[in-house]
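Step one of this worksheet: look at the structure below.
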Amino acid sequence: MAQVEAESGVALPEFVKDEFDAFLACGILAHGFLRLRCAECAHEKLVAFSCKRREFCPSCGARCMAETAAHLVDHVTPPVPVRQWVLSFPIPLRNLFAAQPQLLAPLLQVIYRVIATFLIKQAGLKRRQADTGAVTLIQRFGSAANLNIHLHCLVIDGFYRNSEGVPVFHEVPAPTMEKPQALLVKIITRIPCRSG
């Protein structure tokens, strides 16, 4: 870390240093462990403590990802098709969102509205006549532990329409190759501009 700071001339934030230090101690018995013992055969095993972080540590990050996916499948998303929409940003915007993460909230609203409207209009309906749902996971780093804020939007691949008080799901066809580009243009033109 000292080398990174020396080369860039900028001090790393404390949370980055804490995350990296926790990663270096993850899974090492000298930093703490549990002793597990089988009550029947008396076999013992030492299990090192994990850092339980998800940014730098690949094993803890993978475990967190698997637990989140299981939770979404078991408790959040209905048993209907779901499509992943991944949105990445130019480097200056990644830096801005890292410094001011609150700016992502209005952007996520725009993204959801554009995608939801697209799905519902495929059936010839207006936005107020049906609804869909999404979960967005914000990824802050790339595979090389570099700052790379991007979004994984898990969107129900269709919409619900009320039929005599019961929501009925309607699947939509997969988008053609041209559609994501057109949706991206809509998202860009609808991003709220902030002056000053």
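The values are calculated or read from the model by the stated rules, or taken from the named source; none is laboratory data. All values reported here derive from a predicted model rather than from experimental measurement. Methodologically, a virtual Cβ is constructed for each residue, glycine included, from the backbone with ideal geometry; neighbour enumeration extends over all protein chains shown. Ligands, DNA and RNA are stripped out before the accessible areas are found, and what is left, the full protein with its side chains, is counted by its heavy atoms. Shrake-Rupley method; radii C 1.70, N 1.55, O 1.52, S 1.80 Å.
Data overview
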{"quantity": "Computed accessible area, ILE115, all protein chains, 1.4 angstrom probe, square angstrom", "calculated": "10"}
{"quantity": "Contact order relative to length of region 72-155, as percent, for alpha carbon pairs under 8 angstrom and 6 or more apart", "calculated": "41"}
{"quantity": "Where SER50, SER8 fall by accessible area, highest first, once all protein chains stay in place (1.4 Å)", "calculated": "SER8, SER50"}
{"quantity": "TYR160 accessible area, 1.4 Å probe, all protein chains in place, Å² to nearest 10", "calculated": "60"}
{"quantity": "Vicinal HN-Hα couplings computed from phi for region 83-92 (Karplus, 6.51 cos²θ - 1.76 cosθ + 1.60; Hz; Gly/Pro x)", "calculated": "10, 8, 10, 10, 10, 10, 10, x, 3, x"}
{"quantity": "Calculated P(r) tail over 13 Å for region 88-135, as whole % of Cα pairs", "calculated": "62"}
{"quantity": "Three principal axis lengths of the chain [C-alpha, angstrom, descending]", "calculated": "63, 57, 28"}
{"quantity": "Computed Kirkwood radius, in angstrom, where 1/r is averaged over Cα pairs of region 50-150", "calculated": "15.9"}
{"quantity": "Degrees between helix 178-190 axis and first principal axis of the chain (Cα, 0 to 90, nearest 10)", "calculated": "90"}
{"quantity": "List LYS179, LYS45, ordered by accessible area with a 1.4 Å probe, largest first", "calculated": "LYS45, LYS179"}
{"quantity": "Accessible area in the full protein assembly, largest first, 1.4 Å probe, for ARG63, ARG113, ARG94, ARG127", "calculated": "ARG113, ARG63, ARG127, ARG94"}
{"quantity": "Between region 8-51 and region 72-125, the alpha-carbon center distance in angstrom", "calculated": "34"}
{"quantity": "Nearest-20 debye value, the chain charge dipole, Cβ charges on Lys, Arg, Asp, Glu", "calculated": "720"}
{"quantity": "Computed accessible area, VAL76, all protein chains, 1.4 angstrom probe, square angstrom", "calculated": "70"}
{"quantity": "Region 34-94, Cα convex hull volume normalised per residue, Å³", "calculated": "154"}
{"quantity": "Overall form of region 84-196 per C-alpha gyration tensor (a/c, 1.5; a/b vs b/c)", "calculated": "prolate"}
